[in-house]
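See structure below.
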Protein chains: 2
Amino acid sequence: MRLSQFHLHTSKETPAEAEIVSHKLMLKAGMMRKLAAGLYTWSPLGLRVLRKVENAVREEMNAAGALELLMPTIQPKELWEETGRWQKFGGQLLKIKDRKEAEYCYGPTAEEVITDFARNELSSYKQLPVNFYNIQWKFRDEIRPRFGAMRAREFLMKDAYSFHVDDESLAAEYQNMYDTYGRVFTRLGLKFRAVAADTGAIGGSASHEFQVLADSGEDAIFFSTGSDYAANVELAEAVAPGPRAAAGEAMRKVDTPTQKTCEDVAALMGIPLQRTVKSVALMGVDGDGAPQFVLALVRGDHAVNEVKLAKLAGLADYRMASEGEIDTHLGSEPGFLGPVLVGGAKSTAGSPKQAIRIIADRSVAAMADFVVGANEKGFHLAGVNWGRDLPEPDLVADIRNVVEGDPSPDGQGTLAIARGVEVGHVFALGRKYSEAMQCTVLDANGKAVHPAMGCYGIGVSRIVAAAIEQNHDDNGIIWPDAMAPWQVAVCMINPKNDAGVTAAAEALYRELNAAGIDAVLDDRGLRPGAMFADIELIGIPHRVVVSERGLAAGSFEYRHRRASEAENLDRAALLARLGAA
Amino acid sequence: MRLSQFHLHTSKETPAEAEIVSHKLMLKAGMMRKLAAGLYTWSPLGLRVLRKVENAVREEMNAAGALELLMPTIQPKELWEETGRWQKFGGQLLKIKDRKEAEYCYGPTAEEVITDFARNELSSYKQLPVNFYNIQWKFRDEIRPRFGAMRAREFLMKDAYSFHVDDESLAAEYQNMYDTYGRVFTRLGLKFRAVAADTGAIGGSASHEFQVLADSGEDAIFFSTGSDYAANVELAEAVAPGPRAAAGEAMRKVDTPTQKTCEDVAALMGIPLQRTVKSVALMGVDGDGAPQFVLALVRGDHAVNEVKLAKLAGLADYRMASEGEIDTHLGSEPGFLGPVLVGGAKSTAGSPKQAIRIIADRSVAAMADFVVGANEKGFHLAGVNWGRDLPEPDLVADIRNVVEGDPSPDGQGTLAIARGVEVGHVFALGRKYSEAMQCTVLDANGKAVHPAMGCYGIGVSRIVAAAIEQNHDDNGIIWPDAMAPWQVAVCMINPKNDAGVTAAAEALYRELNAAGIDAVLDDRGLRPGAMFADIELIGIPHRVVVSERGLAAGSFEYRHRRASEAENLDRAALLARLGAA
């Protein structure tokens, strides 16, 4: 491509609407233009990058044996009602009525459509396993679309769905996709981590997120300093601490007139935050399904993990307790709550159904001489000890977020934090969809069985933004070679004032492309400063400058986008450097 | 690809829902599956074909210098209001509200979006001419979606839009796209015609439809037997006939008690239909914009052309007259109307504004001794002659559809009819959108001008169906090589009962693919009859059978999909035949 025949439209101004660096740089580089909230037109420049990502994903999926098909963007309501997701999916589902008032949605994902396809197309175990994928536009009606391609409403996604006669086959394909995703992101030249993730409400058997590492990433990833363990904060296990120390203090009431947080109480008392316990009041259900008031306890310096909590018996649909419920059960107001149920605590006198359930995080269960709210406004209790001042907890469990420095759950090293952008997700779904939608195949014994399913997503357009978050500097984007709109820019200095520059640059440009290197010729006739600024902003990884002076010396000026200095190379050395010789 | 690792799902049954052959065969071959009315999932087989078409279109567009970008499928209402099309586009526009009640549509075309892009991205004539295209899913909410991929609601379209500082540049790009479209359809191996088309209400300066010829096509194309003239029925000109003959009969009243059509009157009178004249009552406006009653006259064997009528002064927004209006102006009821305004015709006595306007088709103006309605129930007039029995027409114009056998408007040969499926359209739009949306660029003199625009569409998914309409037989589809899911099928006979068949077939399969020929290996182990039926149904153009007997004789059985007989070829001859040697 010759830039004189391309549409390049860079901007020096930083767009005010953009909050994150990838959004800013994609707008400045002219890769995309906003059409409406969360909707972007990909310019010729941006589309070149998007297509390179798309093709890398497609080639790796094909090599892994997956079969590409294509589902419509518009999906009928009826299928979503079969799985109950028409209601459950929430406000992100863009619902549409056609001229006959029939209802549809713009697909945010395609489990229903592919399961409908499968129940019509698949009848025998002989057709399994099979993995269907498509690369298609999706829509999620974000409440506050922002961050450009990172969280656009209309986005390009590769979604794959596999079908299996048994769990072993699913596990094998899950591993195949896990490995394939690793190949995709490696090939794209991105630093990434596969992170164990929670299987959540869907309840599948395994799940990993693929995170492109970037300081600006919105997801926290905990990884071990001593192994390849990595998990997101929802899943990462906080291991049990050592045994509980013996009680050393007597329980005493402490005057804390305005101190409602552990931080404030610790400061007032002059003790470490780690000595305090936070009591979080929840409403769950007991074994009979009746409402049950729950106090969840975590150390003052820890945070409750909602995903872990929701996995506990009786807490699948928990909610925070209201102030009225707190008063009813503890006789106190928030800020002074605690598990020592004497005095102000009313509920122990109630019916057995009304008993308060105490759930202690593993760290809290191991504490001695700790500080909790007194269930009385203006007071806390210090020197509290399990078994002496209050009964042992009803349940000890891992209910907190891990923090940096925690031991790694695999026993090797400690946990450190990285930040990442989720660009892929593999998920062993199990039979949720095949059962809900009556999708069956005959197994080898002629018996109808619901196939086990896996689903595997890659955010194709999101990868573009994630790559920029990871790879940029003050001058602009720095593309990995595999994603660059062009790998090499051949820049002509003073082409009009010709002294062989045009001919030499054209020849080099043609030679590179003939060698399979995607090169662009900057023949726009700009001054060097403006030309170089553009080429750096749009992130071309390799720049070659052809000038009269260089030609006289028999050399080309070569500079990698990350290099601080340019080098003068003769033709053979240049071609070798660019992999064209 | 090995078919054992593919998902092929053919059916022997002809689906009841399908009315046209391409729809039937795409379902039988398992190329697609219906998801909902007008929505189809493209199976792995169907997608292979769709992608081949898409890539051919892309490569030719790129070679023509057009720049690919990508616009979202969802478009904001505000842009459509700028051009007035939010109301005017009609029921095919799928309107959508998001969670914030903001309004959007699923783009059926993208003039508004690209003009918005252009007014932001283009500022100088130096950036012109430029031709932006995208290959993106579109949606038209058809009242009665049917015919499968031929008229799906969600369909894949290549739409291109060019911008020019002057009309000459637009004309040059129009020609460039016209030529490019010819290359696309030639490359795809389709028989097609470029057909001059009406520019319609948009009022551009030129328009051609590209029609894939097929007996089942819904569009009639008139082409010259003596030149390359071709036009659709809306546009094809009916040339003026020879001079009017002299009157030979006296005007007389004929008793036609129940004969309300020209056919019935001609039959009753025993005269050729060509001697009768049909009077069509319309309401238009006069030169002052006041309502005007119009009689449009065409020969009894001709049909009025509504597009041609609407181009005449006063008829841009014409409508059919009501029975009340007909009675008011002619004092008659439909079935007996005519242009001889005596007796029952009231209107000549009215105000000048109420004068009836008589518009005669060129053929009618040249008639003598013709038959018309008498404006009296149960009667017609015969032996009617212009100038003697009624004044000369107010206007003589071409207002009829051409018919087979008419002289070609270019004076060479006569017109014949072909039927076609419209798969492409090039259109010189002019400044309609750039003016409506205030898109301007500075010209060489520094003056802001509205760029002239062209738009150029290709129905990518429709081409798949059109190709089948043109290329099929009782056994299934017959793909042109360039569109086939695979060009060659290598079929193994009794691969399990192996006598070198598997090895020979695998070697051939690999050799063909290495030579750049897209070959598939049918290693499913089916019996020959079932295997061949599948391969014929899905339309693979070249079939090679590898059998124990053939190998013993040193030959492969080769058959082209259109050939009546197979041939036995040795390896070298086979490779030469397939273009792999």
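Residue ranges B:484-490, A:378-384 sort as B:484-490, A:378-384 when ordered by packing (mean number of other C-beta atoms within 10 Å per residue, highest first). Look at the dipole of chain A built from charges on Cβ: of A:Val195, A:Ile458, A:Gly331, the Cα furthest out on the positive end belongs to A:Ile458.
Identify, among A:Leu273, A:Phe293, A:Val340, the residue whose Cα sits farthest towards the positive end of the charge dipole of chain A, taking +1 on the Cβ of Lys and Arg and -1 on the Cβ of Asp and Glu, with the dipole about the Cα centre. About the Cα centre, the residue reaching furthest to the positive side is A:Leu273. What's the local net charge at B:Ile114, with K and R +1, D and E -1, over the other residues with C-beta under 12 Å away? Value of the local net charge: -3. Below 27 Å, Cα to Cα, which lysines can B:Lys253 reach? Residues fewer than 8 away in the same chain don't count. B:Lys253 reaches B:Lys278, B:Lys346, B:Lys377. Taking a sphere under 12 Å around the Cβ of A:Met437 and counting the other residues whose Cβ falls inside, with K and R at +1 and D and E at -1, yields a net charge of -3.
A Cβ-based charge dipole, computed about the Cα centre of the protein assembly as shown with Lys and Arg at +1 and Asp and Glu at -1, lands at about 80 debye. Peptides B:554-567, B:327-340 ranked from most to least packed give B:327-340, B:554-567, packing being the mean of other C-beta atoms within 10 angstrom over each peptide's residues. Straight-line cross-link partners of A:Lys432 among the aspartates and glutamates, defined as a Cα under 12 Å from its Cα and at least 8 positions apart when in the same chain: A:Glu82, A:Glu111, A:Glu112. For the pairs A:Lys447/B:Lys34; A:Lys97/B:Lys97; B:Lys191/B:Lys308; A:Lys126/B:Lys52; A:Lys100/B:Lys77, note any where the Cα-Cα span goes beyond 18 Å. Check vs 18 Å cut-off fails for A:Lys447/B:Lys34; B:Lys191/B:Lys308; A:Lys126/B:Lys52; A:Lys100/B:Lys77. Projecting the Cα atoms of A:Ala530, A:Val546, A:Val520 onto the charge dipole of the stretch A:488-577, computed from C-beta unit charges around the Cα centre, puts A:Ala530 farthest toward the positive end. Look at the stretch B:95-102: the mean tally of other chain Cβ atoms within 10 Å of its residues' Cβ atoms is 5. Centre-to-centre separation between the Cα atoms of the stretch A:203-232 and those of the stretch A:116-149: 24 Å. Enclosing the Cα atoms of the protein assembly as shown in their convex hull gives a volume equal to 266 cubic angstrom per residue. Remark: relative contact order (the stretch A:145-214) = 18 percent; criterion is Cα-Cα distance under 8 angstrom and separation of 6 or more residues. For A:Lys260, a cut-off of 18 angstrom between C-alpha atoms picks up these aspartates and glutamates, skipping any fewer than 8 places away in its own chain: A:Asp301, A:Glu323, A:Asp327, A:Glu333, A:Glu376. Report summary: the helix-based calculation at 222 nm, which adds -39500 (n - 2.57) for every DSSP H run with n ≥ 4 and divides by the residues of the protein assembly as shown, gives -7000 deg cm²/dmol.
Pull out a ≥ b ≥ c, the square roots of the eigenvalues of the alpha-carbon gyration tensor of chain A, then state rounded if a/c is under 1.5, prolate if not and a/b is larger than b/c, and oblate in the remaining case. It comes out prolate by the Cα gyration axes. Each copy carries B:Gly554; placing its label point 7 Å along the C-beta direction from Cα gives inter-copy distances of 5.8 nm, listed from smallest up. The dipole here belongs to the stretch B:252-397: it is taken about the Cα centre, uses +1 on the Cβ of Lys and Arg and -1 on the Cβ of Asp and Glu, and is about 220 debye. Inter-chain Cβ neighbour count for A:137-145, averaged per residue, equals 2 (cutoff 10 Å, partner chain atoms only).
Does the stretch A:488-577 come out rounded, prolate or oblate, given a ≥ b ≥ c as the square roots of the eigenvalues of its C-alpha gyration tensor, rounded meaning a/c under 1.5 and, failing that, prolate meaning a/b above b/c? Rounded. The packing ranking of peptides A:112-121, A:572-581, A:164-173, highest mean first, is A:112-121, A:164-173, A:572-581, where packing means the average number of other beta carbon atoms within 10 angstrom of each residue.
Overall, chain B carries a charge dipole of about 1120 debye about its Cα centre when +1 sits on the Cβ of Lys and Arg and -1 on the Cβ of Asp and Glu, all other atoms neutral. Against chain A, whose longest principal axis comes from its Cα atoms, helix A:528-537 is set at around 40 degrees. Within 10 Å of the Cβ of each residue in A:535-548, the mean number of Cβ atoms contributed by other protein chains is 0. A simple count of charges around B:Leu268, restricted to other residues whose Cβ falls under 15 Å of its Cβ and scoring Lys, Arg +1 and Asp, Glu -1, yields +1. What angle, in degrees between 0 and 90 and rounded to the nearest 10, separates the Cα long axis of helix B:44-63 from the longest principal axis of the Cα atoms of chain B? Helix B:44-63 sits roughly 70 degrees off the main axis of chain B.
Throughout, read-outs are computed from the coordinates displayed, never taken from laboratory work. Nothing here was measured: the structure is a model prediction, and the numbers come from that model. Glycine gets a Cβ as well: all are built from the backbone with ideal geometry, and neighbour counts include every protein chain shown.
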